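Written below as structure tokens is the structure these notes are about.
The values are calculated or read from the model by the stated rules, or taken from the named source; none is laboratory data. What you see is a predicted model, and the numbers here were worked out from it, not measured in a lab. Note that we place each Cβ from the backbone using ideal geometry, even for glycine, and neighbour counts take in every protein chain shown.
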């Protein structure tokens, strides 16, 4: 079998800015499409069903995000490991990592989906799901759980391609899911009157089709990275699994911790009724806009840092981080001005429910603060994840995801009596923690000795 590198994009040569922008641009558009089709669920449901439907999509969406913590953590870890192996020219290690990722992540997706279906009733009870939206929330949650394996599958294929420097194909696969999801949202919810179940079904179908297309592409180009897709190739390699687990567990904990803390906040907010539950959905969706930028540059930065450290070119890393900071902060400044000047109009896109819009101004401050926290996270995680620092990643996961987020929210919401607005401010403040830790790590210079990842 050929081991040619036609799918490999070398990010260790040439202009840092041009390489970063060229790699990040498809990721940005890809994340934007994901955000758009997630927003479409909220907008269609909000306009045609109302506050109870928005509450259901908000609660179900947060729960689904929590259930993807293994997909997020281990796909990010696999991407870094592949990037470092590509930078070091070790294609045999790339092949073993790919096979191990397939077996581990798809199995994890199936197990988590089955487990969560069994405990679906106590899950919604724990979340203080409002009575008015309970039936809708159950429909949305159960439907999305059935498609969880597609989310895991898409994330692992995208991680493989991005680790090899290819950000264009994952964008195409997301585009397929986005277009299909938006079309089916309108068909199922507006035309067929399938309510929240229709929105969830549209999402699952879009994700499933996207996953099948991505696997087909990977199979057609298998000669480019020495993976033959035979059954024996999916057998987990002990060394590859060890490296994947050592880096993936902290990243998964990070994803789970943040998602869990948001679920805790959602539970507190839901206790205030369906109006604030719907507002929480708007808050989360608004923040996905800046996450489009943040996630694109986090992914691009991690891959670039990983390849350059694998190749021993440490002098390029600070340039990568400075470029990320300049771009993300500039974009967040523009978004903040839009929200400050036209907040009610922005919130009105999601719903025409006057009860929700009447109190929507409480979201402006927390959203703006969260924008800048998200922008700086890109810099912090590019250096932490790209260098494969498992201990620091775990520390950030626990401090950012659990201690600071729940702690700040409880202090402001309960301690200072700010209620739901305090919970949102606490969430936003926690987003500023990673840059403090990542900045200290960068200044210490310890990342320079990371080189090729060693568990």
Scanning region 90-107 residue by residue, those at pLDDT below 90, assigned to a helix (DSSP H, G or I) and surrounded by fewer than 21 Cβ atoms within 10 Å (Cβ to Cβ) turn out to be 91, 92
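Please work out if residue 261 is part of a helix (DSSP H, G or I) and touching a helix residue (DSSP H, G or I) at 6+ places or on another chain (Cβ under 6 Å). I'd like the intermediate steps shown before the answer.
Working: part of a helix (DSSP H, G or I): yes; touching a helix residue (DSSP H, G or I) at 6+ places or on another chain (Cβ under 6 Å): yes.
Against the criterion (part of a helix (DSSP H, G or I) and touching a helix residue (DSSP H, G or I) at 6+ places or on another chain (Cβ under 6 Å)), residue 261 qualifies.
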Given (1) over 20 Å from residue 329 (Cβ atoms); (2) crowded, with 19+ Cβ neighbours inside 10 Å; (3) in contact (Cβ under 8 Å) with a residue 40 or more places away in the chain, number of the condition residue 412 does not satisfy: (3)
With the checklist (1) touching a residue at least 60 places away in the same chain (Cβ under 8 Å); (2) within 26 Å of residue 273 (Cα to Cα); (3) surrounded by fewer than 20 Cβ atoms within 10 Å (Cβ to Cβ) in hand, flag the one item residue 200 doesn't pass. (3)
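Looking only at region 161-174, decide whether some residue is surrounded by fewer than 19 Cβ atoms within 10 Å (Cβ to Cβ) and either free of Cβ contacts under 8 Å to residues at least 24 places away in the same chain or farther than 30 Å from residue 120 by Cα (or both).
Of the residues in region 161-174, the ones surrounded by fewer than 19 Cβ atoms within 10 Å (Cβ to Cβ) are 168, 172.
If we keep only those that are either free of Cβ contacts under 8 Å to residues at least 24 places away in the same chain or farther than 30 Å from residue 120 by Cα (or both) as well, we get 168, 172.
There is at least one residue in region 161-174 that is surrounded by fewer than 19 Cβ atoms within 10 Å (Cβ to Cβ) and either free of Cβ contacts under 8 Å to residues at least 24 places away in the same chain or farther than 30 Å from residue 120 by Cα (or both).
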Please give the number of the condition residue 268 fails out of (1) modelled with pLDDT under 90; (2) under 20 Å from residue 52 (Cβ atoms); (3) surrounded by fewer than 24 Cβ atoms within 10 Å (Cβ to Cβ); (4) in contact with a helix residue (DSSP H, G or I) (Cβ under 7 Å, 6 or more places away or on another chain). (1)
If a residue must be touching a residue at least 40 places away in the same chain (Cβ under 8 Å) and either outside any helix (DSSP H, G or I) or surrounded by fewer than 24 Cβ atoms within 10 Å (Cβ to Cβ) (or both), how many such residues does region 74-89 contain? 1
Here are 66, 110: which of them is in contact with a helix residue (DSSP H, G or I) (Cβ under 6 Å, 6 or more places away or on another chain), farther than 30 Å from residue 311 by Cβ and surrounded by 16 or more Cβ atoms within 10 Å (Cβ to Cβ)? 66
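One residue is enough: does region 230-240 have a residue meeting the conditions modelled with pLDDT of 90 or more, assigned to a helix (DSSP H, G or I) and surrounded by 17 or more Cβ atoms within 10 Å (Cβ to Cβ)?
Step one: of region 230-240, the residues modelled with pLDDT of 90 or more are 234-240.
Then drop every residue that is not assigned to a helix (DSSP H, G or I), which leaves 234, 238-240.
Now narrow it down to the ones that are surrounded by 17 or more Cβ atoms within 10 Å (Cβ to Cβ): 240.
Yes, some residue in region 230-240 is modelled with pLDDT of 90 or more, assigned to a helix (DSSP H, G or I) and surrounded by 17 or more Cβ atoms within 10 Å (Cβ to Cβ).
Quick one: in region 204-226, which of the residues that are touching a helix residue (DSSP H, G or I) at 6+ places or on another chain (Cβ under 8 Å) and more than 17 Å from residue 171 (Cα to Cα) is surrounded by the most Cβ atoms within 10 Å (Cβ to Cβ)? Even if it seems obvious, please write down each step before you answer.
Start the filter on region 204-226 by keeping residues that are touching a helix residue (DSSP H, G or I) at 6+ places or on another chain (Cβ under 8 Å), which leaves 204-211, 213-215, 217-218, 225-226.
Subset that is more than 17 Å from residue 171 (Cα to Cα): 204-205, 225-226.
On the way: 204: 19, 205: 17, 225: 25, 226: 17.
So the residue we want is 225.
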When you scan region 172-187, do you find a residue that is under 30 Å from residue 10 (Cα atoms), at pLDDT 90 or above and in a helix (DSSP H, G or I), even just one? no
Taking region 6-22 and keeping only residues that are modelled with pLDDT under 85 and either in a helix (DSSP H, G or I) or surrounded by 16 or more Cβ atoms within 10 Å (Cβ to Cβ) (or both), one is left with 7, 8, 9, 11, 12
Single residue of region 326-335 satisfying the filter (buried (at least 19 other Cβ atoms within 10 Å of the Cβ) and either modelled with pLDDT of 90 or more or in contact with a strand residue (DSSP E or B) (Cβ under 9 Å, 6 or more places away or on another chain) (or both)) that is farthest from residue 384 (Cα to Cα): 327
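Any idea how many residues of region 119-158 are assigned to a loop (DSSP other than H, G, I, E, B), farther than 16 Å from residue 69 by Cα and touching a helix residue (DSSP H, G or I) at 6+ places or on another chain (Cβ under 7 Å)? Break it down into steps so the answer makes sense when it comes.
As a first pass, look at region 119-158 and keep what is assigned to a loop (DSSP other than H, G, I, E, B): 119, 127-130, 147.
Filter again for farther than 16 Å from residue 69 by Cα, leaving 119, 127-130.
After this cut, where a residue has to be touching a helix residue (DSSP H, G or I) at 6+ places or on another chain (Cβ under 7 Å) as well, the list is 127-130.
Final tally of qualifying residues: 4.
If you go through region 295-313, how many residues are touching a helix residue (DSSP H, G or I) at 6+ places or on another chain (Cβ under 7 Å) and either within 15 Å of residue 25 (Cβ to Cβ) or surrounded by fewer than 23 Cβ atoms within 10 Å (Cβ to Cβ) (or both)?
10
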If I filter region 375-386 for residues that are within 12 Å of residue 427 (Cα to Cα), assigned to a helix (DSSP H, G or I) and within 18 Å of the chain's Cα centre (by Cα), do I get at least one hit? no
Of those in region 415-435 that are surrounded by fewer than 19 Cβ atoms within 10 Å (Cβ to Cβ) and without any contact (Cβ under 8 Å) to a residue 40 or more places away in the chain, the residue farthest from residue 306 (Cα to Cα) is 417
Checklist (1) in contact with a helix residue (DSSP H, G or I) (Cβ under 9 Å, 6 or more places away or on another chain); (2) closer than 23 Å to residue 57 by Cα; (3) part of a helix (DSSP H, G or I) applied to residue 345, failing item: (1)
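Look through 316, 377 and report the one residue that is in contact (Cβ under 8 Å) with a residue 60 or more places away in the chain and buried (at least 21 other Cβ atoms within 10 Å of the Cβ). Please lay out each step first, then the result.
Values: 316 fails: buried (at least 21 other Cβ atoms within 10 Å of the Cβ).
Answer to the check: 377.
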Please name all residue pairs, on different chains or six or more residues apart, with Cβ atoms under 7 Å, provided the first residue is in region 224-239 and is in contact (Cβ under 8 Å) with a residue 60 or more places away in the chain and the second residue is buried (at least 18 other Cβ atoms within 10 Å of the Cβ) and in a loop (DSSP other than H, G, I, E, B). 224/7; 225/7; 225/164; 233/227
